[in-house]
Amino acid sequence: MHSLKLLLGTLITLITGALGGMISSEIRARLDKIPIVLLTFTARRLPARFRNGHIIIWQWQLNAKLEGTEEAPITRLVRGTGFVLALAFSTPQLKRTLIEGQRIVESSEWHWYLLTRRGCCTYFL
């Protein structure tokens, strides 16, 4: 009877340890996806024409920001979420800039826009 309890206790301990490891890796995988999902939602606020290019750039920047934190899932979550929230707050200004730039390029004023933005017209005045 005593050996049966010992065997059952050992079996429960092994199963609990294995389940704990699987649950831990599942939670880690889910935590790693949160900044990427938030990044996708942030990019949806941009015009469709510019969205894919910015997603690629932002994912590259996010990966660079998270480099070296592979073993610390909470640190990855905090750094990644902070980076994406900063992008989310700057997205309206970026959207206005992209739309304004698109409007200027589509008009005939884009040469003057580029010259005045770079300060080149001061030489001509």
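A few comments on the model shown:
- In the stretch 1-13, the residues that are part of a helix (DSSP H, G or I) never reach a residue that is among the small types (G, A, S) and modelled with pLDDT under 80 with C-beta atoms less than 7 angstrom apart, at least six apart or across chains.
- Failed item, numbered, when L31 is tested on (1) more than 23 Å from V78 (Cβ to Cβ); (2) surrounded by 10 or more Cβ atoms within 10 Å (Cβ to Cβ): (1)
- For the stretch 46-74, the set of residues classified as at pLDDT below 90, of a type in the set (K, R) and closer than 19 Å to A86 by Cβ consists of R51 only.
The values are calculated or read from the model by the stated rules, or taken from the named source; none is laboratory data. Everything numeric in this text was worked out from a predicted model, so none of it was measured. Using ideal geometry, Cβ is built from the backbone for each residue, glycine included, and neighbour counts are taken over all protein chains shown.
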